Structure formats: structure tokens, C-alpha cells
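The values are calculated or read from the model by the stated rules, or taken from the named source; none is laboratory data. This is a predicted model, so every value here is computed, not measured. Cβ: placed from backbone, ideal geometry, glycine included. Neighbour counts: every protein chain shown.
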Amino acid sequence: MDAFYASIEQRDNPELRGKPVAVGYGEKRGVVAAASYEARRYGVHSAMPSVTALRKCPHIIFVMPRFDVYRNVSNQIMQIFLEYTDKVEPLSLDEAFIDVTVNHRGLRSATMIAKEIKQKIFNHTCLTASAGVSYNKFLAKIASDYKKPDGLFVIEPDKAEDFIDQLPVSKFFGVGKVTGARMADLGIKTGFDLKQWTEVDLVREFGKAGIAYYYFARGVDDREVESERVRKSLGAEETFLEDLNEIVDMLAALDEIAHEVSRRAEKRKFLAKTLTLKIKYADFTIITRSRTVDYPIKTYQEIFELGKELLFQVDDLEEKKIRLMGLTLKNADADPVRRPVDGFQLSLDFKD
């Protein structure tokens, strides 16, 4: 979906249309949850501190989020996907992979299906969506971002190699600012540059993610669309109204966060063996500490005690003020990187 939260707010309030809108809290400690395209022209984007957004765009309009409305609209969109295939894998409220190789309509053109879905979404919600069509998740995801907003982009199998070769590595799945900067230092700027590296060398430089980079550079991604996705992580975090610099206050905050993580894990019957502590300091630098145990972490007490151990592993705990703290449980058995496997691919026309 295109600027999903902000577009819903502009749809429901005509006075916001054509104006820079940010969904989130405009106060000192606020963060932008979503920005309209009008706001993005000023450099405003999601996860940006509200004070920064106001500095970039002084006339930006902040709107309180309405997640119940966003969830309802998301459900409408997911139902449209299910009219075409049962193989729907939601990534979030506003994004999903769908596999239409075999579809309920018996249509042979993936591009025609994408056009129909885009039109049906607009007819039902008055919102625009962008679609990416290709033969695997990696390429379809890139294609969906390529012509936003209201876009449709197709990467056909015989054109994938040339497309990837010229693609900036910053567009690759899993390549963030830090990894992108590291690749730039190594002279890796495009998919072609990345393809010159061996799998062994990429693993040496980037760990297990190097395996995925190696295959993505060659247009290979064997991940299936999973209609019942396995949750790989679950957590909670809190941005404090006042920075914390006393141990007692940090422990009190950790206690509340551990209770919330425990509640969410119990609700979803989520079991994990790894706990990660995240801390953002007042200067916005972020550190993490993790611990993996040989038993499923189930209770609040286990979460809190492990979290406390991780907190006390932080060297400069009493020297820097803490702005945000979070805890995340991760399924230690979940492995997002899979090598290609033997099999066959059904053919599907990409053209109209």
C-alpha cells in the first residue's frame, strides 16, 4: 500500500488531502509512524523523531494513529488477495506476498492479476497500492517499490540478471545503512559488484547474511510464500518521557517491559530461546545485548532476570542517559536464509 496510514487519514479527512501529514505524536518524544507523500518531499519518513520532522517541514500536520481503523482496512485488502489465491503471506498491515502461480481465477497472466487487484483495492477502499511481479520474493519485493505510488513493475525472468546487475545494493533485502556503508568501503555498489564476490568471502565479511547476498545477486531466492507464517520474534519497547540515568529507574522500566513481553508471548503461545535487550541513548546511539539459553523462555520472571543480566553487561550504564529500552524474544530455531533446493517451477506468463 502507498503511505498506508497517512493515506487513510487523508481519505477520511478531506482537509488533509494534498498537505504534508505525519501519523504519530508531535510532542518532544514523538516518532513519525508514517508520512504522506507530500511530507516525504521534505525528507520526512517513518521512524523519524517528531522534532526532526517539524524542523524539516514546519507546517507538517500530525495526526494521532488509529490502528483499529488501519487493521480493518488491512483485513479488507487481505480478503481481496484471498479471492485469487490461498497463498497469502502478510508482512505487515500494508504489505503481503501472494503466489498466483495457481490461482482461483485460472488466470495465466500475473500482470493482469496485479492490475485487477490494484483496481479492486481502489474500488473498495479508495486507496492506491503498488505491485511488484516476478518469479521470487526478492525480486517481487524490489519491483513493488520501484514505481511508487500507484505503481506496477514487472521483472521477467530473462531480464532479471541485467536488472540486478545495475541495482544499487542499498535496494537489496537486508542491506541497511550500516551494511550498505560497509559494502561501499569494499567497493560494492551494485548487484554486479556483489556478484564478483564468492560466497565464502561474503560470509567472512557479513556472516550468515552473506549467503543470502550471494544468491540474491544471482536472482536466486527459494523462499516459498507461506500462508501461515512462523513468528520469528516478539517484543516490546518504550521511549521515556525523561531520559533515565539511575539504575533503579532502569530496572523499573525493564520490569514493565518484561511484563508486556510476557503478556504478548502468553497470548500468542510464543516460545523462544534468545532474548535481546535494546538501548537507545540520549544521543540516539543504539546498542544491543543478547543471550541464548537451552530452554524455552516462558515466564515474566525468566524474561526479567535475563533482561537484568543483559542490562548489567552494558559497560557505561551510569555514564550515559537512556532514551529508549526494549526487549525482544527470538525463536532460536528460525533461520531466514535457505539455500536453493532441487525441484521444479511451474511456468506463468508475466505479460498481459
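Look at (1) under 25 Å from the mean Cα position of the chain (by Cα); (2) modelled with pLDDT of 90 or more; (3) not polar (S, T, N, Q) and you find that R268 fails only one, number (2).
Scanning segment 243-276 for residues that are without any contact (Cβ under 8 Å) to a residue 24 or more places away in the chain, farther than 22 Å from V314 by Cβ and not in a helix (DSSP H, G or I) gives a single hit, K269. What number of residues within segment 141-152 are surrounded by fewer than 20 Cβ atoms within 10 Å (Cβ to Cβ) and either of a type in the set (D, E) or within 15 Å of K118 (Cβ to Cβ) (or both)? The total comes to 8. Against the definition (of a type in the set (F, W, Y) and part of a helix (DSSP H, G or I)), how does F240 come out, yes or no? Answer is no for this residue.
Look at segment 41-55 and say how many of its residues are more than 17 Å from F284 (Cα to Cα) and surrounded by 16 or more Cβ atoms within 10 Å (Cβ to Cβ). Selection size over segment 41-55: 3.
Quick grid of which residues meet (1) over 21 Å from C126 (Cα atoms); (2) of a type in the set (A, V, I, L, M, F, W, C); (3) not assigned by TED's automatic domain parsing to the domain that holds N136:
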{"site": "D12", "(1), (2), (3)": "no, no, yes"}
{"site": "A22", "(1), (2), (3)": "no, yes, yes"}
{"site": "G26", "(1), (2), (3)": "yes, no, yes"}
{"site": "A34", "(1), (2), (3)": "no, yes, yes"}
{"site": "M48", "(1), (2), (3)": "yes, yes, yes"}
{"site": "L93", "(1), (2), (3)": "no, yes, no"}
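The set of residues in segment 32-59 being part of a loop (DSSP other than H, G, I, E, B) and of a type in the set (D, E, K, R) consists of R41 alone.
Of everything in segment 7-31 that is among the hydrophobic types (A, V, I, L, M, F, W, C) and in a strand (DSSP E or B), the residue that is farthest from P49 (Cα to Cα) is V21. When I113, I80 are checked against the criterion of being free of Cβ contacts under 8 Å to residues at least 60 places away in the same chain, over 30 Å from D283 (Cα atoms) and touching a Lys or Arg at 6+ places or on another chain (Cβ under 6 Å), a single residue qualifies: I80. Among the residues of segment 290-307, is there at least one that is closer than 24 Å to M48 by Cα and either among the β-branched types (V, I, T) or assigned to a helix (DSSP H, G or I) (or both)? No.
Take the conditions within 30 Å of K87 (Cβ to Cβ), of a type outside the set (A, V, I, L, M), modelled with pLDDT under 95 and touching a Leu at 6+ places or on another chain (Cβ under 7 Å) and apply them to G210. Does it pass? So G210 passes the test. Residue-level check: of (1) closer than 21 Å to K147 by Cβ; (2) of a type outside the set (V, I, T); (3) buried (at least 19 other Cβ atoms within 10 Å of the Cβ); (4) at pLDDT 95 or above, A34 misses just (4). Listed by first and then second residue, the pairs with beta-carbon distance under 6 Å, at least 6 apart or on different chains, first residue in segment 196-214 and crowded, with 18+ Cβ neighbours inside 10 Å, second among the aromatic types (F, W, Y), are L202/Y213; L202/Y214.
Restricting attention to segment 92-111 and to residues that are within 18 Å of K148 (Cα to Cα) and not in a loop (DSSP other than H, G, I, E, B), the residue that is farthest from the chain's Cα centre (by Cα) turns out to be T111. Here D12 clears all of (1) touching an Asp or Glu at 6+ places or on another chain (Cβ under 9 Å); (2) of a type outside the set (A, V, I, L, M); (3) at pLDDT 95 or above except the condition numbered (1).
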